[in-house]
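Asker: Have a look at this one before I ask anything.
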Amino acid sequence: MALILFDFDGVLADTLADLLNFGQEVCDELGVKHVATPDDLDSLEVMSFATYGRQLEVPELLVDEFVRRCLKRFGEKKSPPDIFDGMGEVVRKLSVKHVLGIITGNSSQNVTAFLVEHGLAEYIRAIFGVDSPGSKTEKISQAQNQFAAEGEAVFMVGDSMSDIRAAKEAAVKSIAVSWGHQSAETLIRAEPDYLVRSPRELMEVVRLCR
């Protein structure tokens, strides 16, 4: 058995278009003259709504408002985001023998709505969202203390350099996925333990390392 912790945006949820659209809409509302592109996300050293806002040249005094408005837009969507092809099956299969959790910069409410929409709520033991206290590293450690037995393998599955670094700081294994918001070339710079390019490869890494 292992503890497997997933980032949400870019790992389970295909939210790239939403992030770009919502980021642009909020910038326009706040009077920020910046055109949001995928490069803005790929270049982030720390993946969060706050750092995304700063990358889009949102003034520091408006960053909290940028975050609030972006999260509000996700919450008000008529339907939750799509799930990446194959990831629903991955969650269901891994949950048979492992404990699964989600650690994310998105809100727990938005994540829960997504899980319910895609029939996955029963497979996820805990959600540590932006509404939970602590850094991503601290949340990984909290999940490990709460759900993993001593000596049990713990994986953080993410799509950003900051996910990989948080895993290293928490002394757990990092699995970077190439289908998210940062490119494989960017992820490699953070030196993940594993880089996978498909959900099938993700399953194989967990199978071989447990």
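Asker: Which one is farthest from S135 (Cα to Cα), of the residues in region 44-80 that are under 16 Å from the mean Cα position of the chain (by Cα) and part of a loop (DSSP other than H, G, I, E, B)?
Answerer: Within region 44-80, the match that is farthest from S135 (Cα to Cα) is P80.
Asker: Checking E204 against (1) modelled with pLDDT under 95; (2) under 15 Å from the mean Cα position of the chain (by Cα), only one condition comes out false. Which one?
Answerer: (2)
Asker: Return yes or no: is E25 assigned to a loop (DSSP other than H, G, I, E, B) and not hydrophobic (A, V, I, L, M, F, W, C)?
Answerer: Details: assigned to a loop (DSSP other than H, G, I, E, B): no; not hydrophobic (A, V, I, L, M, F, W, C): yes.
Against the criterion (assigned to a loop (DSSP other than H, G, I, E, B) and not hydrophobic (A, V, I, L, M, F, W, C)), E25 does not qualify.
Asker: Sticking with this one: Which residues, taken from region 81-115, are without any contact (Cβ under 8 Å) to a residue 24 or more places away in the chain and either surrounded by fewer than 20 Cβ atoms within 10 Å (Cβ to Cβ) or in a loop (DSSP other than H, G, I, E, B) (or both)? Show your work before the answer.
Answerer: Step one: list which residues in region 81-115 are without any contact (Cβ under 8 Å) to a residue 24 or more places away in the chain, which gives 96, 112, 115.
Passing the criteria: V96, T112.
Asker: Can you give me the number of residues within region 36-50 that are within 22 Å of E185 (Cβ to Cβ) and in contact with a Gly (Cβ under 9 Å, 6 or more places away or on another chain)? So that I can check it myself, show each step before the final result.
Answerer: Step one: of region 36-50, the residues within 22 Å of E185 (Cβ to Cβ) are 36-48.
Filter again for in contact with a Gly (Cβ under 9 Å, 6 or more places away or on another chain), leaving 36, 40-41, 47-48.
Within region 36-50, residues that are within 22 Å of E185 (Cβ to Cβ) and in contact with a Gly (Cβ under 9 Å, 6 or more places away or on another chain) number 5.
So that you can scan it fast, the table gives a plain yes or no per residue for (1) in a helix (DSSP H, G or I); (2) under 21 Å from I83 (Cα atoms):
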| site | (1), (2) |
| --- | --- |
| S132 | no, no |
| K139 | yes, no |
| F155 | no, yes |
| R165 | yes, no |
| E185 | yes, no |
| P192 | no, no |
| L202 | yes, yes |
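Asker: Is one or more of the residues making up region 104-111 more than 20 Å from A190 (Cα to Cα), more than 15 Å from the chain's Cα centre (by Cα) and assigned by TED's automatic domain parsing to the domain that holds V196?
Answerer: no
Asker: How many residues are within 17 Å of A13 (Cβ to Cβ), crowded, with 18+ Cβ neighbours inside 10 Å and free of Cβ contacts under 8 Å to residues at least 40 places away in the same chain when one looks only at region 176-195? If you could, list the steps in order and put the result at the bottom.
Answerer: First, the residues of region 176-195 that are within 17 Å of A13 (Cβ to Cβ): 176-182.
The next check asks that each one be crowded, with 18+ Cβ neighbours inside 10 Å; those that pass are 176-177, 179-182.
Narrowing the set further to residues that are free of Cβ contacts under 8 Å to residues at least 40 places away in the same chain leaves 176.
Matching residues across region 176-195 total 1.
Asker: Separate question: Which one is nearest to R189 (Cα to Cα), of the residues in region 149-173 that are among the charged types (D, E, K, R) and at pLDDT 95 or above?
Answerer: R165
Asker: Further, regarding this structure: Taking into account only those residues within region 149-172 that are surrounded by fewer than 20 Cβ atoms within 10 Å (Cβ to Cβ) and out of contact with any Ser or Thr (no Cβ under 9 Å at 6 or more places or on another chain), which is nearest to T104 (Cα to Cα)?
Answerer: Across region 149-172, the extreme among qualifying residues is A153.
Asker: Would you check which residues across region 46-66 are touching a residue at least 40 places away in the same chain (Cβ under 8 Å) and touching a helix residue (DSSP H, G or I) at 6+ places or on another chain (Cβ under 6 Å) and list them?
Answerer: V46, M47, F49, F66
Asker: Mind checking which residues of region 1-15 are surrounded by fewer than 22 Cβ atoms within 10 Å (Cβ to Cβ) and touching a helix residue (DSSP H, G or I) at 6+ places or on another chain (Cβ under 7 Å)?
Answerer: Within region 1-15, just A2 meets the criteria.
Asker: A further question follows. Name every residue in region 199-208 that is in contact (Cβ under 8 Å) with a residue 24 or more places away in the chain and surrounded by fewer than 15 Cβ atoms within 10 Å (Cβ to Cβ), in order of residue number. Lay out the reasoning, then the answer.
Answerer: So in region 199-208, the residues in contact (Cβ under 8 Å) with a residue 24 or more places away in the chain come out as 199-200, 202-203, 205-206.
Result: R200, single match.
Asker: Please work out if I175 is under 14 Å from the mean Cα position of the chain (by Cα), closer than 22 Å to V67 by Cβ, assigned to a strand (DSSP E or B) and not assigned by TED's automatic domain parsing to the domain that holds R68. Break it down into steps so the answer makes sense when it comes.
Answerer: Numbers: under 14 Å from the mean Cα position of the chain (by Cα): yes; closer than 22 Å to V67 by Cβ: no; assigned to a strand (DSSP E or B): yes; not assigned by TED's automatic domain parsing to the domain that holds R68: yes.
So I175 does not fit the description; no.
Asker: Also, I was wondering about something else. Please state which of the following conditions K33 fails to meet, knowing it meets all the rest: (1) in contact (Cβ under 8 Å) with a residue 24 or more places away in the chain; (2) closer than 30 Å to V206 by Cβ.
Answerer: Every listed condition holds for K33 apart from (2).
The values are calculated or read from the model by the stated rules, or taken from the named source; none is laboratory data. A quick note: this is a predicted structure, and the numbers were derived from the prediction, not measured. Every residue, glycine as well, gets a Cβ built from its backbone with ideal geometry; the counts of neighbours run over all protein chains shown.
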